[in-house]
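Working notes for the structure below.
Derivation of every value follows stated rules applied to the coordinates shown; laboratory data play no part. Keep in mind that this is a model prediction, so the values were computed, not measured. With ideal geometry, Cβ positions are generated from the backbone for all residues, glycine too; neighbour counts draw on all protein chains shown.
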Amino acid sequence: MFDVRALLVGRGIEVGDGAYFERIDPSASAIEERLRGILARFSLGRAKPSSRFVRRVNALEEGLWAQNDDGLRQEMRSVTAQMRREGFRDDLLPAAFAIVREAARRTLGMRHHDVQLLAGYALLKGKVAEMATGEGKTLAATLGVCTAVATGASVHVVTVNDYLAERDAGQNAPLFQFFGQTLGVVKQGMPVEERRTQYESDVVYVSNKELAFDYLKDIIALGGTVTAQVKLRRLQRSSRPATSILRGLHVAIVDEADSVLIDEARTPLIISETLPDDLGEAVYRQAISIAQGLRQQADFAIAKDRDVWLTEAGASNVLGLSVNLGNIWKSALWRKELVQKALSALHAFHRDRHYIVVDDKVQIVDEFTGRVMPDRTWERGLHQMIEAKEGCEISGQRKTLAQITYQRFFGRYLLLAGMTGTAKEVAPELKRVYDLSVVGIPTHKPRRRIRLADRLLGTSVVRWKEVAHRVVEIAGQGRPVLIGTRSVEASEALSRLLEEQGVPHSVLNARQDREEAETIADAGQAGRITVATNMAGRGTDIKLSPEVAERGGLHVILTEFHESSRIDRQLFGRSARQGDPGTVEAIISMEDEIFSRYVPILSRISRPYLLKGGFPSRLLLKGLVAYAQHKAERNNRRIRLDSLQRDRKWLSALGFVGVSRK
């Protein structure tokens, strides 16, 4: 039986025995959380890797070569038996890692590099391992997974989509089979009984969305009207409830941790039911019609967080435009609410950037990953307004049955760890919210990436022409080119320009989401041109053909800086992986949203210089970008923390977990 107290020794977490293990909601005060974030900022959130640990693992390696398979398995049982009682001690982990490494060599034909040992060590210490793109996070995770499972824990390996969950599980299956560890994969559309069977496995690969929603279903099934502490104690006294889907929340290893724990943590996860809309389709269409007749600045203003506010003149105009409409328009409160939502739909949310329309349905596009989220809807009538704007059928309103934030959900794991290529920028927030420290893992081979000078142009039209020219130039050298865009709209605009010039290329955006792995995997072939929206969490390496490496490797062009500098780093990280050569550059426009939204005055001042032929200083350009991204990231961080605070207040007010009384 898995000894939870041993696993959590030294972590100050009190949890008794039981079938459905999970932590009670963390009780850290606001002051303590802020202090954690401040300390992480001063230390840059990066703990120093232990070379001594690696030497101890390597010293044991040769002695295992003569062991037969049964001998290796017996060694693993012996080492982890002590871990069950005393936790993941530094004097026990080297032996376990050496055994897993040797087993991987025999079953997968792959031997863990020293840097992967450091990453596996960080995982079992409950940290986030920052590993560069292409350094083998999937294989590194098996060190922590196999060791934790051998102690009796259930391990959830959390990926960003179903494809990666299935791919990574299949790739590592022989290693888990070697140790007699059962393997499960949970995917979208899987029936409840099959999900329950998969979660019975020792190792479960699952996307963050599927996992969190399955937990919410457990909350509903187990009766969420009691507090977390009472519920936990009840579960500890009994066997696992037959109605639950999960076994509990033992150990989670989150791939692309910054994307899951930070970028996707802005809004709560909600299970809801669709109800008939009392307003009716006509009201939404009337609101859109009225909003189309209003003027920005004179009648309404748009804030940086996409909130829209009517001015006094605008409210007066709305009254006049709605005088002959239905009874609902006689209420000043309803007039304001409806028209402001309609204005948001018209001016703050744009087709092929924030959403796409497929089969007459509005589907939200994740701004950080560029992927469609078909099961998500905007709240409080905004989704219906956008449907009215696009002439789609108006869907019903949603009633919340259960909800939870990613912050609160992942905080309930007994041991939480993660991996990503970009974590240092959000190290303070990871420490403050999740109590996760970031460990910077060195690369296996020296980096050979060359960053070329950024170029800032006056208009978008000029920028796209320059990008197309540069693409043809580089591809003509027999090198592959990857062009990163921020939106579906931008990727298709560039694609049309390349088509007009007769340049063959591939496009990867929310419309081609299913083909992403094949598109990215082929992006390293000689002369191949790939246009892609946000590369966060794509999870597929771009492997170069031999002749490409000789010609200089993959060239990456960033066409618009993102609100988060991490997303830019993720795109650039596709080039020069594992010691390969490569070059990266940014070709951007002063009309880009990052400038017009966050530094509008500076962008207006700078535009005349750009139209005359250049920016005054490269250093000034770098400072301008850094300042704009700092403001954007600060705004997004505030939204995430506000969401967490609202979730905690909501939980405290209701006195129970996950179920809304609405």
*Where nothing but the Cβ of Lys and Arg (+1) and of Asp and Glu (-1) is charged, how large is the charge dipole of the range 277-395 around its Cα centre, in debye to the nearest 20?*
380
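Among 157-168, 341-352, 438-449, 119-130, what's the highest-first ranking by average C-beta atoms within 10 angstrom per residue? Each step should come with its number before you reach the end.
Numbers: 157-168: 21.9, 341-352: 20.4, 438-449: 18.1, 119-130: 26.1.
Result, highest mean Cβ count within 10 Å first: 119-130, 157-168, 341-352, 438-449.
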_Amide H of L554 versus every other amide H placed in the peptide plane: which residues, excluding those fewer than 5 positions away on the same chain, fall under 5 Å?_
A576, T583
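Over the range 277-395, what per residue volume does the convex hull of the Cα atoms give, in whole Å³?
On the way: hull volume 12.0 nm³, N = 119.
Normalising the Cα hull of the range 277-395 by residue number yields 101 Å³.
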*Go through the range 181-193 residue by residue and turn each phi into a ³J(HN,Hα) via Karplus (6.51, -1.76, 1.60, θ = phi - 60°); whole Hz please, and just put x for glycine and proline.*
9, 7, 10, x, 9, 10, 10, 4, x, 6, x, 4, 5
*From the C-alpha gyration tensor of the range 91-207, square roots of 5λ in Å*: 23, 16, 13
*Distance check, please: which entries in K330/K361; K187/K217; K137/K424; K137/K631 exceed 22 angstrom between their Cα atoms?*
K330/K361; K137/K631
*Near the amide H of L508, under 5 Å away, which other amide H atoms are found, from residues 5 or more places off or on another chain, if H is placed in the peptide plane?*
V531, A532, T533
*Residue-by-residue Karplus 3J(HN,Hα) for the range 332-343, coefficients 6.51, -1.76, 1.60, Hz, glycine and proline x*: 4, 5, 5, 4, 5, 4, 5, 6, 5, 5, 5, 5
*Which whole-Hz couplings ³J(HN,Hα) result when phi for each residue of the range 557-563 is put into the Karplus expression 6.51 cos²θ - 1.76 cosθ + 1.60, θ = phi - 60°, listed in order with x for Gly and Pro?*
10, 8, 9, 6, 5, 8, 5
